[in-house]
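Enquirer: What follows is a single structure, and I will ask about it in a moment.
The values are calculated or read from the model by the stated rules, or taken from the named source; none is laboratory data. Treat the numbers as computed from the prediction; the structure is a model and nothing was measured. SASA here: full protein model, heavy atoms, side chains in, ligands and nucleic acids out. Shrake-Rupley method; radii C 1.70, N 1.55, O 1.52, S 1.80 Å.
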Amino acid sequence: MLKEFFQRRSLRKDASKEPTGLLPLGKVRSAVAFIDVEDPSFDACKNAIHAFFRDHGIKADIFFIDFRKLTKDERLITSISTTVLRKDLSWFGKPSREKTNLMLSGEPDLFVSLLPVNSFPLEYMARCSRARFKVGRQQLPGPVFDLVALDPQGQRLSQADAFPAIATLLEKIR
């Protein structure tokens, strides 16, 4: 209960007031995407995201969500600056100011979440983002995402399988 109080308070305080809505790809100059490192397809998904945005002349930053507990022998397989780790979260789940500011500094027009389930850290980043167009795989309370690409009934798609569907939808918006 105390945890939820602080989560709600931080969202009220830090959430972006920018209006959002559908935006054609031709008007998108920069984008930020969030992917989950625990999904086995994350590397293929990362490459697909880079290729898609490069083909459309859009500067893209990819942030990784990695809440795994790494042992002493394991190494981080993504950039430390663009990876939100468990240690980057406050006791109630708020990402560090450093990670949030890094995401905001890119001034993205498009925010894409490829995480199949929502968590407070993702919700915080999505709500704080000043992106004019937000895409997710599951709607957040509020609603936060302007476009939601749900998995087919009874199936759980990997991020690499979900991104082409999202990319197709993005290309259809005129």
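Enquirer: So what are the ³J(HN,Hα) numbers for region 140-147, from phi and the Karplus equation (6.51, -1.76, 1.60; θ = phi - 60°), rounded to whole Hz, Gly and Pro as x?
Expert: 9, x, x, x, 9, 7, 7, 9
Enquirer: For region 79-174, what % of the accessible area comes from carbon and sulfur atoms, probe 1.4 Å?
Expert: On the way: 2350 of 4420 Å².
The C+S portion of the solvent-accessible surface of region 79-174 is 53 percent.
Enquirer: Using only Cα atoms, figure out Rg for region 101-151 and give it as a multiple of 2.2 N^0.38 Å.
Expert: Details: Rg = 10.2 Å, N = 51, 2.2 N^0.38 = 9.8 Å.
Its radius of gyration relative to the 2.2 N^0.38 Å reference: 1.04.
Enquirer: Dimensions of the chain along principal axes (Cα, Å, largest first)?
Expert: 44, 40, 36
Enquirer: Could you provide, to the nearest whole Å², the per residue accessible area of the chain with probe 1.4 Å?
Expert: Dividing the accessible area of the chain by its residue count gives 54 Å².
Enquirer: What does the C-alpha gyration tensor say about the overall shape of region 44-87? Classify as rounded when a/c is under 1.5, otherwise prolate if a/b is larger than b/c, or oblate.
Expert: Working: a/c = 3.59, a/b = 2.57, b/c = 1.39.
Judged from the Cα gyration tensor, region 44-87 comes out prolate (a/c at least 1.5, a/b above b/c).
Enquirer: Once you order the gyration tensor axes a ≥ b ≥ c over the Cα atoms, which shape class does region 58-110 get: rounded for a/c under 1.5, otherwise prolate or oblate by comparing a/b with b/c? Before the final figure, lay out the partial values.
Expert: On the way: a/c = 2.97, a/b = 1.49, b/c = 1.99.
Taking the square roots of the gyration eigenvalues as a ≥ b ≥ c, region 58-110 is oblate.
Enquirer: Mind telling me which of G93, G142, G26 comes out most flexible in a GNM of the chain, alpha-carbon contacts under 10 Å?
Expert: In this elastic network of the chain, the residue with the biggest mean-square fluctuation among G93, G142, G26 is G142.
Enquirer: From the phi angles alone, apply the Karplus equation (6.51, -1.76, 1.60; θ = phi - 60°) to region 46-59 and give each ³J(HN,Hα) in whole Hz, x where the residue is Gly or Pro.
Expert: Coupling constants for region 46-59: 4, 5, 5, 5, 4, 5, 4, 5, 4, 4, 9, x, 10, 6 Hz.
Enquirer: Next up: In whole Hz, with x marking every Gly and Pro, tabulate ³J(HN,Hα) for region 13-28 from phi via Karplus 6.51 cos²θ - 1.76 cosθ + 1.60, θ = phi - 60°.
Expert: For region 13-28, the Karplus-derived couplings read 6, 9, 5, 5, 9, 5, x, 10, x, 5, 9, x, 4, x, 9, 8 Hz, x marking Gly and Pro.
Enquirer: Okay, moving on. Share of region 5-56's accessible area from carbon and sulfur, percent, 1.4 Å?
Expert: On the way: 1550 of 2990 Å².
Carbon and sulfur together cover 52 percent of it.
Enquirer: Can you list residues from other chains, or at least 5 along the same chain, whose modelled amide H is less than 5 Å from the amide H of S16?
Expert: C128, S129
Enquirer: Moving to a separate point now. Looking at region 66-158 from every direction and averaging, what is the projected area of its Cα convex hull in nm²? Walk me through the numbers on the way to the answer.
Expert: On the way: hull surface 29.1 nm².
That works out to 7.3 nm².
Enquirer: Mind listing the long-range amide H neighbours of F63? Cut-off is under 5 Å, sequence gap 5 or more, other chains count too, H placed in the peptide plane at 1.01 Å from N.
Expert: HN-HN under 5 Å from F63: A33, F34, I35.
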